[in-house]
Amino acid sequence: MTDCIALIVAAGRGIRFGGAHPKQYQLLGGHPLLTHTLSAFIAHPRVHGVRVVIHPDDRPFYDAATEGLSLLLEPVSGGASRQESVLLGLESLTEIAPSHVLIHDGARPFPDARLISRVIDALADAEGAIPALAVSDTLKQAAHGEITGTVSRDGLWRAQTPQGFRYHDILAAHRAAIGKELTDDAAVAEAAGLAVRLVEGSEDNVKITESADILRAERRFEPLGGSFRIGQGFDVHRFRPGSRIRLCGIDIPFDQELDGHSDADVGLHAIVDAILGALALGDIGQYFPPSDPRWKGCDSGHFLAHAGQLAAEAGARILNIDVTLICEAPKIGPHRQTMRERIADILGLSVDQVSVKATTTEGLGFTGRREGIAAQAVANLGFAHPGLRIGR
Ligand code: MG
């Protein structure tokens, strides 16, 4: 092999992921996810250059994620689908015309050096090579949640990336596959009649698809000295006559509303203060003072998203949130699940990371007299210490 370029596909939008950044740029172990991915290829002595296919809107994120990295070619913009993005990446290499390319998902941050070597080794005499793992779970076919059959797993493999090919072969195959929807580059190669060999994959070479995957991936960094911090928040807003009440990001029909400068969402305010507390970054009033007309009637979801952003900037990941609403009425139970989903959505968490509880005070005190609602919240934040080697 004379030269080998890694083509990293990172143009997807990660719609299911939530959060302030596209998933390729979410922090993992203190660095953007994509930085880990790129470092694996940059550090490999048999990779001679790395080109990344990005979403054009992500250029600032890309620049931040690649600061100080060597071997990177100028990034190129991707298309509407992964297949289109790969083709655009391959077309961008026509002048360089490497002998081989390794096509890899930007959202697979842990391809180890031996895995990359196995793919490159196979390309010495194979037209294509991909890492794969045998299916070990029993496979069931089901309809409407009931099993209709057991499928033999004989000969079934889970395909991973990087997928390696001779550059001219895979470029021609991709050009010929325009208009067909194929889920990986090996499928494009197969459609063109190329023989693609399987090499041993790695269980660590996971694809980050949902926010729960990031949490699992974060555990890799814990032995390096991860730490946790807890913050608590408390807030009260008084009732005034009205027709709906905003609590934990949702509207509940009620004969009162909460009085306040913003939308007076006492639940979200307590959560914001809990997150700020864990970061030791002050309180909600410092960031969104009631004296500022910008925040009049403001959706408190905006405040919560900002707190989530501050956590990300501090290298923290929110592990869980627990909020308790204290009132005699309205009834919270029927809305609990919607509230959890709303909070999780704003913070880019999964719903099982968010708890919403409610209690009365047995008729005692201001909440018992139905003068207002109180809320208290706890936020648990994890900090993973960077263990990343950048460059060669
Ligand atoms: Mg408040």
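Every pair of different Cα atoms in segment 244-384 enters the Kirkwood calculation, which places the hydrodynamic radius at 15.3 Å. Out of every Cα pair in the chain, what percent are spaced more than 38 Å from each other? The proportion of pairs with Cα distances above 38 Å equals 35 percent. Pairs of alpha-carbon atoms within less than 8 angstrom and 6+ residues apart define the contacts here; what relative contact order does the chain have, in percent? For the chain, the relative contact order is 18 percent. The candidates 61, 383, 165, 228, arranged from most to least accessible area with a 1.4 Å probe in the full protein assembly, appear as 228, 61, 383, 165.
The GNM of the chain, with springs linking C-alpha atoms under 10 angstrom apart, assigns the highest mean-square fluctuation among 211, 85, 136 to 136.
Using the Cα gyration tensor of segment 45-184, with a ≥ b ≥ c the square roots of its eigenvalues, what is the shape: rounded (a/c below 1.5), prolate (a/b larger than b/c) or oblate (neither)? Cα axes put segment 45-184 in the prolate bin. For segment 147-260, the C-alpha radius of gyration divided by 2.2 N^0.38 Å, with N the number of residues, is 2.00. With the charge dipole of segment 66-211 set up from +1 on Lys and Arg Cβ and -1 on Asp and Glu Cβ about the Cα centre, the Cα lying farthest toward the positive end among the listed residues 104, 182, 115 is that of 182. Relative protection proxy for 284-297, 244-257, from highest mean packing down: 244-257, 284-297 (other beta-carbon atoms within 10 angstrom).
Bridges between two residues of the chain, per DSSP, are antiparallel at a rate of about 65%.
Of the listed pairs 140/357; 296/357; 140/207; 23/357; 140/180; 207/357, which have alpha-carbon separations greater than 32 Å here? Cα-Cα > 32 Å for 140/357; 207/357; rest within. Each Cα pair under 8 Å and six or more residues apart adds its separation to the average, and for segment 1-109 the resulting relative contact order is 43 percent. Put simply, the amide H of residue 199, placed in the peptide plane, has neighbours under 5 Å in 130, 132, leaving out anything fewer than 5 places away on its chain. The accessible surface of the chain, taken with every protein chain in place and a 1.4 Å probe, is 51 percent carbon and sulfur. A simple charge model with +1 on the Cβ of Lys and Arg, -1 on the Cβ of Asp and Glu and nothing else charged puts the dipole of the chain at about 340 debye relative to its Cα centre. Under a model in which nothing but the beta-carbon of Lys, Arg (+1) and Asp, Glu (-1) is charged, segment 246-335 shows a dipole of about 260 debye around its Cα centre. Annotation: per residue accessible area for segment 255-392 equals 44 Å², rounded to a whole number [probe 1.4 Å, protein chains only]. Mean residue ellipticity, 222 nm, helices only, the chain: the sum of -39500 (n - 2.57) across DSSP H runs of n ≥ 4, divided by residue count and rounded to 500, is -8000 deg cm²/dmol. Each peptide in 230-240, 311-321 was scored by the mean count of other Cβ atoms within 10 Å over its residues; highest first, the order is 311-321, 230-240.
The values are calculated or read from the model by the stated rules, or taken from the named source; none is laboratory data. Just so you know, these numbers come straight off a predicted model, no measurement behind them. Ideal geometry is used to build each Cβ from the backbone, glycine not excepted, and the neighbour counts take in all protein chains shown. Ligands, DNA and RNA are stripped out before the accessible areas are found, and what is left, the full protein with its side chains, is counted by its heavy atoms. Shrake-Rupley method; radii C 1.70, N 1.55, O 1.52, S 1.80 Å.
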